[in-house]
Amino acid sequence: MLDSLIVPLLVTTDLPPDADLAEFGRLLADAVREPGRGAVSYAGFLHGAVFWLDPPRVSAEREAGAGPVAEELRFAALLGHLSVSGGCGRVKDVVADVGRAVTEAVAARYGDLGSPPAVMAIRAEDVRERTPPSAVAVSTAGAVAGLVAAARPYM
C-alpha cells in the first residue's frame, strides 16, 4: 500500500450566485491532484462534498424590477478528506500547498472575488457531522489508485 497522509479539510469561498456547485467541486478536486510546491512534488486525492452555506438572496432592487443590479456573491464550502502521497511534509505544509492550488484554480475560473478561499484542516468528525445531506459529492478523477484506496475508509 502507498504511504499516505489523510487530512480532513474545509474549504470556503465566495462564488458568483449563478455558480454551479458540481463544477466548483470538480474544480477543487482537480486542483489538488498535484498540490506540491517547488521541488517538492506529490500526488493528491480529494473526496468530499460541496454545498452552499447561505440561501440565495434577492436584492430589493431586483424585486422592484429596477434594471441591472450587481450580483451578490454566495458563500460555498467543501468538506472532505484529502489523501496525499508520503514525503509531502507536515499537515501544515500540505494545507498551505492545497490553499495555493485552490486559490489559483478559483481565481483562474471565477476571477477576483475579493478574497482568497480559506483552506483549513479540521477534525474528521466534523466532515461526517457537518456535511449536509443535500451536498454534492466530488472526488478527484484519475487519481493515483493507492491514494483512493487509502481514502476509502473515509468515504
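The values are calculated or read from the model by the stated rules, or taken from the named source; none is laboratory data. All values reported here derive from a predicted model rather than from experimental measurement. When we count neighbours, we look across all protein chains shown, and the Cβ atoms used for this are built from the backbone with ideal geometry, even at glycine. Accessible surface areas use protein heavy atoms only, side chains included; no ligands, DNA or RNA. Shrake-Rupley method; radii C 1.70, N 1.55, O 1.52, S 1.80 Å.
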Rounded to 10°, Cα long-axis angle of helix 21-31 versus longest principal axis of the chain: 40 degrees
Degrees between helix 91-110 axis and first principal axis of the chain (Cα, 0 to 90, nearest 10): 40 degrees
Could you look at the chain and say what percent of its accessible area is carbon and sulfur, using a 1.4 Å probe and all protein chains? 55 percent
Can you give the net charge of the other residues whose Cβ lies under 15 Å from the Cβ of Val144, counting K and R as +1 and D and E as -1? -1
For the chain, modelled as a GNM with alpha-carbon contacts under 10 angstrom, which of Ala118, Ala108, Ala137 fluctuates the most? Ala108
Among residues other than Met120 whose Cβ falls under 14 Å from its Cβ, what is the net charge (Lys/Arg +1, Asp/Glu -1)? +1
For a quick size check, give me the Cα extents of segment 71-155 along its three principal axes, largest first, whole Å. 42, 31, 25
Return the long-range amide H neighbours of Gly36 (sequence gap of 5 or more, or a different chain), with a cut-off of under 5 Å between placed amide H atoms. Tyr42
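So with the 1.4 Å probe, I'd like the accessible area per residue for the chain, rounded to whole Å². Mind showing how you got there, number by number?
Numbers: 8150 Å² over 155 residues.
Counting only protein heavy atoms, the per-residue value for the chain is 53 Å².
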Over the chain, with a Gaussian network built from C-alpha contacts below 10 Å, which listed residue (Glu34, Glu125, Glu23) shows the highest mean-square fluctuation? Glu125
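From Cα pairs below 8 angstrom and at least 6 apart in sequence, can you work out the relative contact order of the chain, rounded to a whole percent?
Numbers: 294 pairs, mean separation 66.1, N = 155.
The value is 43 percent.
For the chain, just run the numbers: alpha carbon Rg, then divide by 2.2 N^0.38 Å, N being how many residues it has. Don't skip to the answer; put the middle values down first.
Values: Rg = 16.7 Å, N = 155, 2.2 N^0.38 = 15.0 Å.
Expressed relative to 2.2 N^0.38 Å, the Cα Rg reads 1.11.
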